[in-house]
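A short reminder: the numbers here are calculations on the coordinates, not readings from a lab. Bear in mind that the values here come from a model prediction, so they are computed numbers and not experimental data. Cβ: placed from backbone, ideal geometry, glycine included. Neighbour counts: every protein chain shown.
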Amino acid sequence: MKIRLTVAPLQAYRPPQYPTRQCVRSDPGLLESVPARWKRSPALCAALALTVSAGIYGCTGRTGAAMLFDSGASEVIGEGVVWQGMVTPPAFLSEAEACQVIREEAIARGVDLGQGEMLLIGDFPQPDVGSSTSYSGARKTWHGPFRLDGYDERIGAGFEYVSKEDIDQWTQQAMGEEARVAKYRFHQTANRLTASMQEQMRSSWGHIGIFYDPGTTFVDSPNDGTWDEKAYQQAQREYKIEQLRQQVRDFLDWLAAEGII
């Protein structure tokens with residue numbers, strides 16, 4: 001049996017069962033109920049804020065928040081490991097160099113993370129620096145002052161970069177001057193730091209982005225030969241800087257989604 005289909009205009013539409021742009025404009029508080037998984041995505045927050053209306057912000061709000069921004073391999077072996085017939089030397093992005101990269105990216109978006117200071121007082125985690133591949137167990141903490149690496153007082157936003165220097169210092173505070181770091185777990189340490197800030201967040205702390213040394217990645221040796229250490233370090237440095245720039249860009253997108261910038 002054949003049925004002939006015809007197209008006819010719809011004379012009326014039912015009201016939508018979701019908040020429209022006009023609804024949100026009249027009641028911005030509706031954005032506070034967006035799904036939690038959306039809030040963890042800077043890209044989605046930015047898209048939501050821009051789609052709904054310029055200047056209307058939701059996600060975590062202006063009361064203060066901390067977020068970790070992921071990009072990179074996240075770990076560095078402290079003593080080096082045998083790889084492709086050579087001992088892979090540890091490769092790090094120093095705190096000074098990283099902070100310069102972070103501030104350059106921020107300045108390009110009108111954020112000056114070098115013109116202010118923010119000192120937090122609270123409970124902060126000690127890093128796990130053992131040689132084991134696991135990263136579990138009870139989380140040990142220390143109480144005291146924690147100064148962010150950068151802060152913009154005008155907008156109430158700052159950052160902390162988890163570096164080799166940080167992990168060395170925190171390890172010595174926890175285990176003594178003779179403590180030796182076997183593996184630098186940058187991402188895990190940054191994740192724990194973010195969680196501790198979120199648990200005790202105060203509105204006066206503002207919006208805090210947590211970045212970390214992106215770790216090392218596998219890179220092919222030139223012409224199937226062997227790396228000399230200088231070339232290897234340069235290849236790792238380029239990788240780290242690009243990954244860190246991505247962390248910062250995501251942070252700035254988050255600030256835009258929050259209506260901070």
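Computed extension gain for residue 172 through residue 121, at 0.36 nm per residue and net of the alpha carbon distance, reaches 16.4 nm. Taking 0.36 nm per residue of separation and subtracting the Cα-Cα distance, full extension of the segment from residue 4 to residue 217 would add 70.5 nm.
One chain, two ends: residue 147 and residue 229. Fully extended at 0.36 nm per residue, the span grows by 26.1 nm beyond their Cα-Cα distance. Annotation for residue 202 and residue 140: the two label points, set 7 Å from Cα along the Cα-Cβ direction, are 2.7 nm apart.
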